[in-house]
Amino acid sequence: MLQAIAPDLWHLQHQFVVSGLRVSSRMAVVRLKSGALWLHSPVPLSAEVAAQLAALGAVRYIVAPNKMHHLFASACLASFPDATLFGAPGLLEKRPDLKGMRELGPSSEPEWADDLDQTFFAGMPFGNETVWFHKATRTLILTDLCQWWQGDLPLAAQVYARLTGVRRELAVPRTIRWLIKDRQAARASMQAILQYPFERVVVAHNAIIEDQAHAAMERAFARAIGN
């Protein structure tokens, strides 16, 4: 079931297996000032979760935030046909079946600009990830750009997390660093993200950082690409 993080902010984790590796992914849910729900990086939804969402508000926006987090977008849209699907730049080339998808722009969409600021992370065309700042809760919402694989994990997942540098702390995984093609553009995006006055960080894999979150992001970015 959905778990509350802060007023008008919830999350749901989903466990699945990729190439033999058990992975945890998180969907974030924001209730906008209008009462509409904004779903970030959807995961499979049970009938109970769908009912829980319906009780919170009308799902109006579904977001596939990068070119890798799109697997459950179609099923989510089928559950909420009145919603609009937004996706990462270039995602339609990968998923032409996502008909009607609106491509995310470089700045906040008018539909949620009062509630959410957004920054496109440039220089990494394989992912084309967008990062959000929820103003009301001072929360930064990311997908793959930064990760922290906390908790009790299967051995294979622990080894993978250590190898990619995300087992002990919040970090830009080595797998993501390798995808950066334009370091100058990436550095500019990092600087823009750090301008947000966030006090909490929510990432898809798998931590929620409440303690000194801004400092944790500063360290993660500095280690990934330097100052």
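What follows draws every value from the coordinates through simple rules; no lab data is involved. The structure presented is a predicted model; accordingly, all values stated were derived computationally and were not measured. Using ideal geometry, Cβ is built from the backbone for each residue, glycine included, and neighbour counts are taken over all protein chains shown.
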Worksheet item: Roughly speaking, what % of Cα-Cα pairs in the chain are separated by over 25 Å, rounded to a whole number?
Response: 36
Discussion item. Under 17 Å between alpha carbons, and skipping anything fewer than 8 positions from Lys99 in its own chain: which lysines qualify?
Written reply: Lys67
Worksheet entry | segment 88-227: relative contact order in percent, alpha carbon pairs under 8 Å with at least 6 residues between | 23
Worksheet item: So what is log10(I(q)/I(0)) for segment 116-227 at q = 0.12, 0.15, 0.18 1/Å, when the Debye sum runs over its Cα atoms only?
Response: -0.38, -0.59, -0.86
Discussion item. Counting only helical runs of four or more DSSP H residues, what would the 222 nm mean residue ellipticity of the chain come to if each run contributes -39,500 (n - 2.57) and the total is spread over all its residues?
Written reply: -7500 deg cm²/dmol
Worksheet entry | Formal net charge of residues neighbouring Arg102 (Cβ-Cβ distance under 10 Å; K, R +1; D, E -1) | -3
